[in-house]
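The values are calculated or read from the model by the stated rules, or taken from the named source; none is laboratory data. All figures in this text were calculated on a predicted structure; none of them were measured in a lab. Methodologically, a virtual Cβ is constructed for each residue, glycine included, from the backbone with ideal geometry; neighbour enumeration extends over all protein chains shown. Surface areas here come from the heavy atoms of the whole protein model, side chains and all, with no ligands, DNA or RNA. Shrake-Rupley method; radii C 1.70, N 1.55, O 1.52, S 1.80 Å.
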Amino acid sequence: KAGVTQTPRYLIKTRGQQVTLSCSPISGHRSVSWYQQTPGQGLQFLFEYFSETQRNKGNFPGRFSGRQFSNSRSEMNVSTLELGDSALYLCASSLGMGAVAFFGQGTRLTVV
Amino acid sequence: AQKVTQAQTEISVVEKEDVTLDCVYETRDTTYYLFWYKQPPSGELVFLIRRNSFDEQNEISGRYSWNFQKSTSSFNFTITASQVVDSAVYFCALSEADAGNMLTFGGGTRLMVKP
């Protein structure tokens, strides 16, 4: 069974640009969550999608958005990039509430 | 609001030593789930264990064991006879029943096992 796949693995963007990250969950998993990991703030929850609906959102500005498609694949978008957006972005998929979340290898975003 | 605290930011041990990673959590929910994840240098978070709030049984899996105590809101993780391959950052996390699948993570404990 394939794991959670995130693409791309690495990205370098310039301040002010926008970026889209992709996540393919484990087959059969309908919940996809996104997390930002930085040395200063640690692992922080961005949002969760379940059956194409955003079910929960963390404390991030509106520049961070996401969506989920009917096949459960998810994308997150960050507009007007700032230097502070440089981070490892992790996607996790799970069967449902309270179930184990399995993580992808992450996308490392560097904003210059 | 939920909170997870891992007071030990970094631990260094010599191979074959036993080591315990501490985790203390705060929640107002009566139904919640606790997790431990391992993050090797590659970056991926690897699932180790899940416990629900109604199951206080301790668990042992090979060299790993977990001690869940609701009375002290703790969920500690012990590695017996540590090995160099255990070197990683370990995260404790909490999920509340009414918060979907949102995980609240502790700050992580970096474990270094020296040969």
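Burial here means at least 50 square angstrom less accessible surface with every protein chain in place than with the chain by itself, probed at 1.4 Å; in segment A:72-104 the buried residues are A:97, A:98, A:100, A:103.
Residues in the protein assembly as shown average 47 Å² of solvent-accessible surface per residue, probe 1.4 Å, ligands and nucleic acids excluded. For segment B:11-115, the spherically averaged projection of the C-alpha convex hull amounts to 6.5 nm². If you build a Gaussian network model of chain A, linking Cα atoms that sit under 10 Å apart, which residue out of A:60, A:47, A:102 swings the most? Between A:60, A:47, A:102, it is A:60 that shows the largest mean-square fluctuation. Here the accessible area of the protein assembly as shown is 49 percent carbon and sulfur, with a 1.4 angstrom probe and all protein chains present.
Note on the protein assembly as shown: Cα-only Rg and Dmax are 17.6, 51 Å. Counting only other chain Cβ atoms within 10 Å of each residue's Cβ, the peptide B:38-44 averages 4.
Can you list the residues of segment A:56-81 with backbone N under 20 Å from a point 7 Å past the Cα of residue A:13, pointing along Cα to Cβ? Under cut-off, by backbone N: A:57-69, A:73-81.
Summing charges over all other residues whose Cβ lies under 13 Å from the Cβ of residue A:53, with Lys and Arg as +1 and Asp and Glu as -1, gives +2.
If the Kirkwood radius is taken over C-alpha pairs of chain A, then at 4 °C and 1.567 mPa s the Stokes-Einstein diffusion coefficient equals 93 µm²/s. Chain B and chain A together bury an accessible surface of about 1700 square angstrom, both sides counted, with a 1.4 Å probe and no ligands or nucleic acids included. Taking the chain by itself as reference, segment A:42-69 contains these residues with an accessible-area loss of 20 Å² or more in the full protein complex (1.4 Å probe, heavy atoms): A:43, A:45, A:48, A:56.
Take the Cα of residue A:63, step 7 Å toward its Cβ, do the same at residue B:56, and the gap between the two points is 4.7 nm.
Counting only other chain Cβ atoms within 10 Å of each residue's Cβ, the peptide B:76-83 averages 0.
Inter-chain neighbour count for A:3-9: the average number of beta-carbon atoms from partner chains within 10 Å of each residue's beta-carbon is 1.
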